[in-house]
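Peer 1: The structure's right below; bear with me while I get my questions together.
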Amino acid sequence: QVQLVESGGGLVQAGGSLRLSCAASRRTFTSYTMGWFRQAPGKEREFVAANSWITSSTGYADSVKGRFTISRDNAKNTLYLQMNSLKPEDTAVYYCAASLVPGTKRFSDYNYWGQGTQVTVSS
């Protein structure tokens with residue numbers, strides 16, 4: 001079992017920045033592909049970014065490329081999402097997730113999920 005706890009959400013003006021954190025309970029943190037997903041009201045949950053330590057790969061949704069950066073601190077079992085140049089359309093609940101499938105972006109490959117943190121971007 002992997003327990004994930006997100007933090008760092010909040011209210012920010014358009015053009016601003018936030019950094020989300022996700023603390024993982026399991027010591028084999030490096031075995032997992034760690035990802036961020038988001039879900040806006042009335043919409044399906046969508047992929048944002050993922051990082052695989054095993055394959056040394058990082059992937060982003062086209063909508064956030066160049067603005068968001070995913071990173072991880074394996075010593076702290078923590079995943080981060082640095083979000084810059086935020087737009088109102090980035091408003092959503094952001095979820096951290098873990099998968100044993102290397103480098104995957106597929107929702108169905110992620111077995112463990114955090115409770116989510118709200119990000120609201122005002123115009």
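The values are calculated or read from the model by the stated rules, or taken from the named source; none is laboratory data. Keep in mind it's a predicted model, so treat the numbers as computed, not measured. Note that we place each Cβ from the backbone using ideal geometry, even for glycine, and neighbour counts take in every protein chain shown. Please note that ligands, DNA and RNA were not included when accessible areas were found on the heavy atoms of the full protein model with its side chains. Shrake-Rupley method; radii C 1.70, N 1.55, O 1.52, S 1.80 Å.
Peer 1: How would Arg19, Arg27 rank on accessible area, largest to smallest, probe 1.4 Å?
Peer 2: Sorted by accessible area, descending: Arg27, Arg19.
Peer 1: Then there's this: The range 33-102 to the range 1-26: how many Å between their Cα centroids?
Peer 2: 10 Å
Peer 1: Per 0.36 nm of contour for each residue apart, how much would the distance between Gln39 and Ser71 grow if the chain were fully extended, relative to their Cα-Cα spacing?
Peer 2: Answer, rounded to one decimal: 9.5 nm.
Peer 1: Given a 1.4 Å probe and heavy atoms of the protein chains only, how would you sort Ile54, Ile70, largest accessible area at the top?
Peer 2: Ile54, Ile70
Peer 1: A further question follows. So what is the relative contact order for the chain, in percent, with contacts set as C-alpha pairs under 8 Å and at least six apart?
Peer 2: 36 percent
Peer 1: Here is a follow-up. Dividing the convex hull volume of the Cα atoms of the chain by its residue count, what figure in Å³ per residue is obtained?
Peer 2: Convex hull of Cα atoms, per residue: 90 Å³.
Peer 1: Okay, moving on. How big is the accessible area of Asp73 in square angstrom, nearest 10, if you roll a 1.4 angstrom probe over the protein chains?
Peer 2: 50 Å²
Peer 1: For the residue pair Arg19 and Ser122, what label-to-label distance in nm results when each label sits 7 Å from Cα along the Cα-to-beta-carbon direction?
Peer 2: Going from the Arg19 label point to the Ser122 one covers 2.4 nm.
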